[in-house]
Structure formats: C-alpha cells, structure tokens
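Some notes on the structure that comes next.
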Amino acid sequence: MLQKVKELDIQVEAFVPQSSEELEQFRIQMLGKKGAISQLFTEFKNVPVEQKREFGASLNILKTKAQEKIAQLKQSLEDKNVTSHNLDLSLPADPVKLGSRHPVALVHNEIVDIFARLGFTVFNGPEIEDDWHVFSALNFPPEHPARDMQDTFFVNQKDEVLLRTHTSSVQVRAMEAQKPPIRTIAPGRVYRNEAISARSHCMFHQIEGLYIDKDVSFADLKQTLLYFAKEFFGKDTKIRMRPSYFPFTEPSAEVDVSCSLCGGKGCNVCKYTGYLEILGAGMVDPNVLKASGIDDKIYTGYAFGLGLERIAMLKYGITDIRVLFENDVRFLEQFKSVF
Ligand code: PHE
C-alpha cells in the first residue's frame, strides 16, 4: 500500500501537462471520485491497524501535494494563454482616429477669419430662392440668359422658385434686413446646370462680400481685396483688376492675384501669365441699392464674390474639382489644419 502511495507521488512529481485539457484529465485521474488517490482513501479501512497511522499520513501528504501542484499548473497555463494572445498591458493604447476638415471648409474658415478682422460679419441666406433675390433685384434684365433653364435649376418654374446660382442673392437680403453701414460676408452653396468636368461642377461654394456706407469708393474695394490677397496667399502677393461686366455692379472688375506657385514668373497653373483669376467684384449698381431699399443718393458700396473650390484647388494644388465632392477619405484625411 505504501508502495502505491510512493508511485503516485512520483507520478505527481513528474507530471508536465501540454494543455489545460491534459491537466484536467490528470486531475480526474488522481483526485476525481474514482481517481487513484481517492481510491486509496477507500482502501484505508483494509490497511492493518499498525500501518494505518503511517499510511494515512503519507496519503494525506500526497493528496495535498497533488492539489497544490494542479492549482499551480492551472495558474501558469492561464498566464501563458494571456501572453500567447500578445496582450501586453504596458503598451500605450491605439491612438484615437481624428477626423480632418474638408479642404473647402478650411478655405472657408480662413477667408471668414480674414474678413472678420476687417469688421465683416457673416450673413446667411437660403439656397432655395426666388427670382427677385437671385435676378430681378440684382438688375438682371428679364431676357438675361442666366435666367434660362440652361443655367438655373428651377424647383418650380411657374412660381419662379429656384436654386440660387450665386451668393449675390444674399446681398439683396442683407440690404433688405439692415440699415447702412452694412459690412457682411455671405458664404454658401450655389447651383448651376453645368456639365460636370475636372474644372466645373453643378454645385459649388462662394463667399460674397458687401460693404455699404457713405463715400465708399473703388479704392476701398481695391485696398480690401489687396489686404485679403496678401493675408491669404502671402505678403508678396500682388493683385490686378481687369474691366468686366456684371448686371449688379458698375463699374465691374475681374480680380487676379499673382500666382502663388511660381511667384508671378509663369508656370502651367497660371498658364504662364503669372496671374490667377480668383474673384469678381465692383461697385454696387444704384439700381440694386434702390431695389433693396437703400437710398442711392446717400450711400454707395462695393461687392465681391469668390469661388471657394477654385481657391482650395489653387491653395492645395488640386487639379480636378470632382475630388472635392467624392468624400474619399484617402483624399480627405490629408488635410489637417488649425482652422
Ligand atoms: N456673383 C458673381 C458670380 O457668381 C460674382 C460677383 C459678386 C461679381 C459680387 C461682382 C460682385 O460670378
């Protein structure tokens, strides 16, 4: 009998499990109801009286030893399992993925910021407009081609409800709602029925500027735009004004900035002219002041409008406008900025 205890003791000593299943097997074999050690306990009564003491003591030692060994092996197998999942609790956590602003939003924020420094406040108008605010009040004659289905998306042609084709409609709303001095910028989406290509889209963004006060002159307009160009494109930027025509401004100009990529020397972005066209501007036509409820004998003003996609494309060297509307994160996540 004592011999049996010794044998089992050697077995317990030598046992090295490969898996927790194997360990459990071993536990049942030894300590289970019909296990080898339990079996010896049932045989205890058959042991001669004079051996009972020694046998009992060694059997109890064996049982405790087996229990302790199994518990220890179980723990070390569990620890091994944790590390085999490559879980290192001392590693820093995965960084939280941050979003990035859309390039059009970045340019928008920067421009609003620059004009805010000159005292311009943001004024918003609706995207779904009426003929009056988009065309009639802005001095478009009834037969003007811009009213045509070719350019304008009508929501309801009978009632002349349409998607605004420019943010100049907000000039009219700003003048209807406020008394001079008025100094507002109006950012927003505009829509035109144009074929979508690398250079044009049926939906884009503009920022409209409007300043109405006594004695506002063309020089004020020029100086404001020069300040903007230097702030946005860099302090060495020059501007150039070319005569143009808009029904709602007189005189009107198209404004170019010296090419920020080649510094005016000429490159393929500015088509070797050294200048890039960025906006339309002019002195608000007296007819527009009158239509919007402003006394054109007392007040004058200037207005300008610029396209955000165009400016974003120039700033970031984007050659196809469509990528700005595709929401491809691989493109969008490149733009990180403080704005
Ligand atoms: N609304 C004009 C456009 O969309 C831009 C403009 C705005 C021109 C204000 C002059 C004054 O092209």
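The values are calculated or read from the model by the stated rules, or taken from the named source; none is laboratory data. On a predicted model such as this, the values are computed, not experimentally measured, just so you know. Heads up, the Cβs are rebuilt from the backbone with ideal geometry, glycines too, and the neighbour counts pull from every protein chain shown. For the accessible areas, the whole protein counts, side chains as well, though only heavy atoms, and no ligand, DNA or RNA atoms are used. Shrake-Rupley method; radii C 1.70, N 1.55, O 1.52, S 1.80 Å.
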**Q.** Unit charges on C-beta of K, R, D, E only; dipole of region 2-85, Debye
**A.** 340
Q. Which value, in Å², gives the accessible area per residue of region 103-338 when a 1.4 Å probe is used on the protein heavy atoms?
A. 49
Q.
Students often forget the sequence filter, so: which lysines lie under 29 Å Cα-Cα from LYS63 once same-chain residues fewer than 8 apart are removed?
A. LYS4, LYS6, LYS33, LYS34, LYS45, LYS52, LYS74, LYS80
Q) Ranked from the most accessible area to the least, with a 1.4 Å probe and all protein chains present, what is the order of VAL96, VAL288? A) VAL96, VAL288
Q) Between the DSSP loop rule and a limit of at most 10 other Cβ atoms within 10 Å, which trypsin sites (Lys or Arg not before Pro) in region 259-335 are left? A) LYS297
Q: Could you order peptides 245-257, 108-120, 131-143 by the average number of other Cβ atoms within 10 Å of their residues, highest first?
A: 245-257, 131-143, 108-120
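In percent, how large is the relative contact order of the chain, given Cα pairs closer than 8 Å and 6 or more residues apart?
16
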Q.
Could you tell me the ratio Rg/Rh of the chain? Both radii from Cα atoms, Rh via Kirkwood.
A. 1.56
**Q.** Solvent-accessible area of MET283 with every protein chain in place, 1.4 Å probe, in Å² to the nearest 10
**A.** 20
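Report in % the part of the accessible area of region 2-85 that belongs to carbon and sulfur, leaving out ligands and nucleic acids; probe 1.4 Å.
Here it works out to 54 percent.
Run the numbers on region 2-85 and let me know its relative contact order in percent, using alpha-carbon pairs under 8 Å that are six or more apart.
Relative contact order of region 2-85: 38 percent.
With a 1.4 Å probe and every protein chain kept in, tell me what percent of the accessible surface of region 103-338 is carbon plus sulfur.
So the carbon and sulfur contribution to the accessible surface is 52 percent.
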(Q) Tell me which cysteines of the chain come out unpaired when the rule is another cysteine's Cβ under 4.7 Å. (A) CYS202
Q. Cross-link partners among lysines for LYS179, C-alpha distance below 17 Å, same-chain residues fewer than 8 apart left out?
A. LYS214, LYS290, LYS297
Q | aspartates and glutamates with Cα under 20 Å of LYS265, excluding same-chain neighbours fewer than 8 positions away | A | ASP236, ASP256, GLU277
Q. Any idea how far the Cα center of region 218-293 sits from the one of region 1-75, in Å?
A. 96
